[in-house]
Amino acid sequence: MNINIKEFIKSLNLIFYEFDSKENSLIKDVDYSNKHTKLEFFKITYYLSKERIPFNVVKDKTITFKETSFNIKEKFSIFIENFKNNSKNIFLLNDKKVQWAKNIPLFKITFINKEIDFTKYDAIVFTSKNAIKAINSINKNWKKIPSYVISEQTAKLVKDLDGKLEYISKTKHGNEFAYEILNLLKGKKVLYLRGEEIVSDFLEIMKDNSIDCKDEIIYKNSFNEKVKKVKIPKNSKIIFTSPSTVKYFFKIFSWDKSYKAISIGKTTAQYIPKDINTVIADNTSFKSCVNKALETN
C-alpha cells in the first residue's frame, strides 16, 4: 500500500508533534511533556501500526520513518552539519531558547489584571500565547470556556493548561482567522483576550459580521530598555516573530545588506521594510523559524 506519509500525518490533526520532511520524522515539541503529548504519541503509533507503516521510536519520543542504524560516514556527516549550524549567526529577537539561535531579548511582557466574569461568554478567542499566560495568571475560569486559537503553538498552551480547545485556525493569520471562524461564532457571546496593540482587523471583522464580540486587553508588549546592544556579524539571519520585534530591532540596530530576514508569518513580514528580502517560516513556531534560517543561503 502506497501512503503519502505527509498527508497521512496531516489527517491525524496533531498538535505536539511536527513532521520534519528533511529528517523524515515526527518530532515532539520538547517544551511540553504532559498527558496530552503521551496521548498524541499513542495515537500516532496506533494508526501507524494499523496502516502497517514502518517506523522507529528514537530519542525524545521522536518517531522516524527512516532507518535508524548509522554508519561512520553518516555519523560524521551529522557531526559536520551540527558544527556548521553552531557556527551560523542566527538571532532570535526574544528570550526563547532554540537550538542554533542566539537571543536578543528586545521586549518584555507585562500582564494587566482584569476582573472578568466568564459566565457571560460562550467562546474565547486567542491570537497570542501571551494572552493565555496572562489570563491564566489572573483568572483560571477561562479554562471552562471553549477556546478558538490562531495556531498550533497557541493550541499547545491551551491544552497544556487543561483549557477547553475548540478550534485551531487553518490559516494562522489574523484577518483570515477572523473570517474562518465567523460561522462558528454566530449566536455566541465571544470574548477576545488580547494585547494592548493588535495588527489585524479582527474586531472590525467581527463587528461587520454581527458577531457579539467583546475584547479585553490583558497584557502589553514594551521595549526592553535593559537589552544589551550586541554586534551582529555580516551574513547573519535575523528572525522577526512579531511586528513589535521589527519596530524594536530598527530602534537600536541598522540593517546590513548582507543580513537575511526570516519572518514567523505573513502579518509580521508586512512590517519589515519593503526593500528587505524576507523569507517566511513554514509554520508559526520559533523552531520552524530557526530551521528556515538554517536553510536560507
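Mind checking which pairs have a first residue in segment 220-236 that is over 14 Å from K257 (Cβ atoms) and a second that is among the hydroxyl-bearing types (S, T, Y), Cβ under 8 Å, 6 or more apart or different chains?
Final answer for the pair search is K220/T110; N221/S242; N221/S244; S222/T110; F223/Y248; N224/Y248.
Let me confirm something: among L48, L39, which residue is free of Cβ contacts under 8 Å to residues at least 40 places away in the same chain and farther than 23 Å from D160 by Cα?
Every option except L48 fails the conditions.
Does I116 satisfy the criteria of being β-branched (V, I, T) and part of a strand (DSSP E or B)?
Here the answer is no, as I116 does not meet what is asked.
Any idea which of (1) out of contact with any Ser or Thr (no Cβ under 6 Å at 6 or more places or on another chain); (2) among the aliphatic types (A, V, I, L, M); (3) farther than 22 Å from C289 by Cα; (4) touching a residue at least 60 places away in the same chain (Cβ under 8 Å) is the one I124 doesn't satisfy?
The number of the failed condition is (1).
Could you figure out which of (1) assigned to a helix (DSSP H, G or I); (2) loosely packed, with under 14 Cβ neighbours inside 10 Å isn't true of K97?
All conditions are met except number (1).
Quick one: how many residues across segment 191-217 are assigned to a helix (DSSP H, G or I) and in contact with a helix residue (DSSP H, G or I) (Cβ under 8 Å, 6 or more places away or on another chain)?
Final tally of qualifying residues: 3.
Tally the residues that are surrounded by fewer than 16 Cβ atoms within 10 Å (Cβ to Cβ) and of a type in the set (F, W, Y), restricting the search to segment 272-296.
0
Checking I27 against (1) in a strand (DSSP E or B); (2) farther than 24 Å from Y167 by Cα: exactly one of these is not met. Which one?
Of (1) in a strand (DSSP E or B); (2) farther than 24 Å from Y167 by Cα, only one is false for I27: (2).
Suppose we filter segment 159-190 for residues that are outside any strand (DSSP E or B) and over 16 Å from the mean Cα position of the chain (by Cα); how many remain?
16
Select from segment 224-244 the residues that are over 21 Å from the mean Cα position of the chain (by Cα) and either surrounded by fewer than 16 Cβ atoms within 10 Å (Cβ to Cβ) or of a type in the set (S, T, N, Q) (or both) and list them in ascending order.
Those that are over 21 Å from the mean Cα position of the chain (by Cα) and either surrounded by fewer than 16 Cβ atoms within 10 Å (Cβ to Cβ) or of a type in the set (S, T, N, Q) (or both): N224, E225, K226, K228, K229, V230, K231, P233, K234, N235, S236.
Quick one: is T268 outside any helix (DSSP H, G or I), touching a Ser or Thr at 6+ places or on another chain (Cβ under 8 Å) and either surrounded by 20 or more Cβ atoms within 10 Å (Cβ to Cβ) or among the polar types (S, T, N, Q) (or both)?
Answer is no for this residue.
Suppose we filter segment 134-149 for residues that are without any contact (Cβ under 8 Å) to a residue 60 or more places away in the chain and not in a strand (DSSP E or B); how many remain?
Number of matching residues: 9.
For segment 245-256, check the following and say yes or no: at least one residue is under 20 Å from the mean Cα position of the chain (by Cα) and polar (S, T, N, Q).
yes
Would you check which residues across segment 1-22 are surrounded by 13 or more Cβ atoms within 10 Å (Cβ to Cβ) and part of a loop (DSSP other than H, G, I, E, B) and list them?
Residues satisfying the conditions are L12, L14, I15, F16.
Could you list, in sequence order, all residues of segment 218-270 that are among the aliphatic types (A, V, I, L, M) and either more than 22 Å from E152 (Cα to Cα) or touching a helix residue (DSSP H, G or I) at 6+ places or on another chain (Cβ under 6 Å) (or both)?
Result: I218, V227, V230, I232, I238, I239, V246, I252, A261, I262, I264.
Every number in this text was worked out from the coordinates using simple rules, so none of it is lab data. Given the structure is predicted, the values throughout are model-derived calculations rather than measurements. Glycine gets a Cβ as well: all are built from the backbone with ideal geometry, and neighbour counts include every protein chain shown.
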